[in-house]
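Visitor: Sharing a structure below in structure tokens format, with a few things to ask.
The values are calculated or read from the model by the stated rules, or taken from the named source; none is laboratory data. Given the structure is predicted, the values throughout are model-derived calculations rather than measurements. Positions of Cβ are generated from backbone atoms using ideal geometry, with glycine treated the same way; all protein chains shown enter the neighbour counts.
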């Protein structure tokens, strides 16, 4: 994308905000859409799973046109294109190679709904090509990838929203407003947990890839391995080469909920907020399932944050449990000396010293408000609710550091400036891949 195109397109989008606010409903086009000149032109990498949901949400937005979809699975690509056409009334272009979207000067935004190991490279390339990015969580496959993504975002002055959609929900916003009143008192500890039961994925044999799949490209930077259906759609997240386990899959939401609420409580007391933890200790492993999964099915991670006094965040994972904690399958809590608050995917409740209900709120976790916040920020150039640098990447580092602590089996000391571990060669080696398989080398920024 040329500089001239970036500036002219940005001016059009920013002018669109003013005209829309001034003219209200009169400025909208057919079926509630804004005029074509004001709509953000979107390309989506991925066509099913999280990408499939995002395709529908962007197509329904009054602010956007989904004009292209890329997927290396031709069956999924066809499904995604049809879904988009059914909603928005026109058919997006279909591509098998995501780089054709990156290089398209007509696109303003790239949406990335791929497996974790395919988050960083498209994000960095999109930023380098003058595009804003909505990327699913966690930000990258490892810490170094996330750092490189943030560097590209900074250098090229891009808007990058990570897909932790709870940040934009009425549920989260109302909870933060309540916490800001100081009703919880002084808060020292927080907790996040996962107890949603997962299944045993077994030990299926290797096989040929499905027809219509570019399997070599699906592997990307990961080592070359025979195809196995467990190491593919839906189950890739349980393997070191591609995913970040359930800590990075679901835990990233819960940890970020806890951090967001804890920092709101600290602000209410005029105390310094927490950033990245100083110490990370983890215990757990494959204690329950006899299957191909590599990441723990049972895990507890303690994150200690520097302060006077320190703060403690505990993460607990039991993905074999048929019951819930506090009646919440996956949630977050913050504990103060006047009360505590519990956050689920559908509501929050705050309790006083005698467990009396102080306040409560509701709201689901659909990404609609998150996409709206992102598109608003594409036009205004303000930071989105889950800005990659200040919110998304720190939450992702918690997940990566917790997984690394579990793998090495000892307490780690994290340098928040470099996001590396003090005097621990083994742990630092896990901050990135041993090798990026060519040609999918992590771009320099």
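Visitor: Please work out which residue is farthest from residue 140 (Cα to Cα), limiting yourself to the range 161-186 and to residues that are part of a helix (DSSP H, G or I) and within 13 Å of the chain's Cα centre (by Cα).
Guide: 168
Residue-wise test of (1) surrounded by fewer than 19 Cβ atoms within 10 Å (Cβ to Cβ); (2) at pLDDT 95 or above.
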| position | (1), (2) |
| --- | --- |
| 366 | yes, no |
| 375 | no, yes |
| 389 | yes, yes |
| 403 | no, yes |
| 420 | yes, yes |
| 430 | no, yes |
| 438 | yes, yes |
| 441 | yes, yes |
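Visitor: While we're on this one: Criterion first (modelled with pLDDT of 95 or more, surrounded by fewer than 23 Cβ atoms within 10 Å (Cβ to Cβ), outside the structural domain of residue 161 (by TED's automatic domain parsing) and farther than 26 Å from residue 191 by Cβ) does residue 359 satisfy it? Spell out how you get there, then give the answer.
Guide: Working: modelled with pLDDT of 95 or more: yes; surrounded by fewer than 23 Cβ atoms within 10 Å (Cβ to Cβ): yes; outside the structural domain of residue 161 (by TED's automatic domain parsing): yes; farther than 26 Å from residue 191 by Cβ: no.
Considered against the rule, which asks whether it is modelled with pLDDT of 95 or more, surrounded by fewer than 23 Cβ atoms within 10 Å (Cβ to Cβ), outside the structural domain of residue 161 (by TED's automatic domain parsing) and farther than 26 Å from residue 191 by Cβ, residue 359 comes out as no.
Visitor: Going by the conditions given, is residue 194 closer than 19 Å to residue 375 by Cα, in contact with a strand residue (DSSP E or B) (Cβ under 7 Å, 6 or more places away or on another chain) and surrounded by 23 or more Cβ atoms within 10 Å (Cβ to Cβ)?
Guide: In short, no.
Visitor: Same structure again: I need the full set of residues from the range 224-241 which are surrounded by fewer than 23 Cβ atoms within 10 Å (Cβ to Cβ) and within 17 Å of the chain's Cα centre (by Cα), in order please.
Guide: Hits for the range 224-241 are 234, 236, 237.
Visitor: Tell me the residue from 67, 133 that is in a strand (DSSP E or B), surrounded by fewer than 24 Cβ atoms within 10 Å (Cβ to Cβ) and in the same structural domain as residue 32 (by TED's automatic domain parsing), please.
Guide: Numbers: 133 fails: surrounded by fewer than 24 Cβ atoms within 10 Å (Cβ to Cβ).
Answer to the selection: 67.
Visitor: Within the range 254-275, is even one residue within 20 Å of residue 420 (Cα to Cα) and surrounded by fewer than 17 Cβ atoms within 10 Å (Cβ to Cβ)?
Guide: The answer is yes; a qualifying residue exists.
Visitor: Among the residues of the range 2-12, is any modelled with pLDDT of 95 or more and closer than 21 Å to residue 158 by Cβ?
Guide: Looking for residues that are modelled with pLDDT of 95 or more and closer than 21 Å to residue 158 by Cβ, one finds none in the range 2-12, hence no.
Visitor: Among strands (runs of 3 or more DSSP E) lying entirely in the range 264-339, which contain 3 or more residues that are closer than 20 Å to residue 182 by Cβ?
Guide: 330-336
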